[in-house]
């Protein structure tokens, strides 16, 4: 069987990986699709193989704010691994793709059968908890410009290629800021030759330049992933040359 295209599943020994995949269903991820709401019973875990999922806070007085992302480097449904059956955060598809979907009882069974799966997912949970803390600190301590650069890099890490299908309104919602602020900074990044933006498409032209504009939170998160799950950090390969135009 070819690679599962999800870093966590691909890390498992072959017998464990094949047994897990046999219990999974490959499903599409559609933009703005709600996979779970905060406080709801979690019925499935998702292991993305493409696309991007935003993890959102719930606030009855303010719009939801993104505190994390899940792509092919991770999973949605970490609470199940901890024996908690309700979702602490909401989850909405940000970018279209596909995922391996596993019913909650099946995940529980696989965790009992596979020490490698338990070890891998426990490490991923540790990475995610550190990431949530970093996101909260970043939101309160850093200016919008480096936060936007970090957000673009994190999204790019979990996407395929160099293009993101996302509007400035969506980015503003995820960052908890006004759209006008995102527009102003995006125009500056475009003028500097770092990105190209047109009609809901953002193309990263200079990843290194974008990293230099990001806050230190981005590099810290990458290092933590590499420390706990060596060789699986997102965006391990450089981007291909940009096409002029």
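No lab work stands behind these numbers, since they all come straight from the coordinates. All of these numbers come straight from a predicted model, not from anything done at the bench. We place every Cβ from the backbone using ideal geometry, glycine too, and count neighbours over all the protein chains shown.
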Taking 0.36 nm per residue of separation between residue 112 and residue 143 and subtracting their Cα-Cα distance, the length gained on full extension comes to 6.7 nm
Peptides 216-222, 198-204 ordered by average Cβ neighbours within 10 Å, highest first: 216-222, 198-204
Between residue 136 and residue 37, what is the label-point separation in nm under the 7 Å Cα-to-beta-carbon projection? 2.4 nm
What shape does the range 143-228 take by its C-alpha gyration tensor, where a ≥ b ≥ c are the square roots of the eigenvalues and a/c under 1.5 counts as rounded, a/b above b/c as prolate, and the rest as oblate? prolate
Across 109, 173, 26, the residue with the highest GNM fluctuation in the chain (Cα network, 10 Å cutoff) is 109
Largest fluctuation, 28, 15, 88 only, Gaussian network model of the chain with Cα springs under 10 angstrom, belongs to 15
0 to 90° range, to nearest 10: angle between helix 216-228 axis and the chain longest Cα axis: 20 degrees
How much length would be gained if the chain were fully extended between residue 126 and residue 191, taking 0.36 nm per residue of separation minus their Cα-Cα distance, in nm to one decimal? 19.6 nm
Expected unfolding gain across residue 167-residue 199 under the 0.36 nm per residue rule, minus the alpha-carbon gap, is 10.8 nm
Which angle between 0 and 90 degrees, to the nearest 10, do you get for helix 179-191 versus the longest principal axis of the chain when only C-alpha atoms count? 70 degrees
I'd like the orientation of helix 144-158 relative to the chain: the angle between its Cα long axis and the longest Cα principal axis, in ° from 0 to 90, rounded to 10. 40 degrees
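What 222 nm value per residue comes from the helices of the chain, counting each DSSP H run with n ≥ 4 as -39,500 (n - 2.57) and dividing by all residues, nearest 500 deg cm²/dmol?
Numbers: 10 runs with 110 residues, N = 245.
The helix-only estimate for the chain comes to -13500 deg cm²/dmol at 222 nm.
Kirkwood Rh and Cα-based Rg: tell me the resulting Rg over Rh for the range 7-137, rounded to two decimals.
Details: Rg = 14.1 Å, Rh = 14.9 Å.
Rg/Rh: 0.95.
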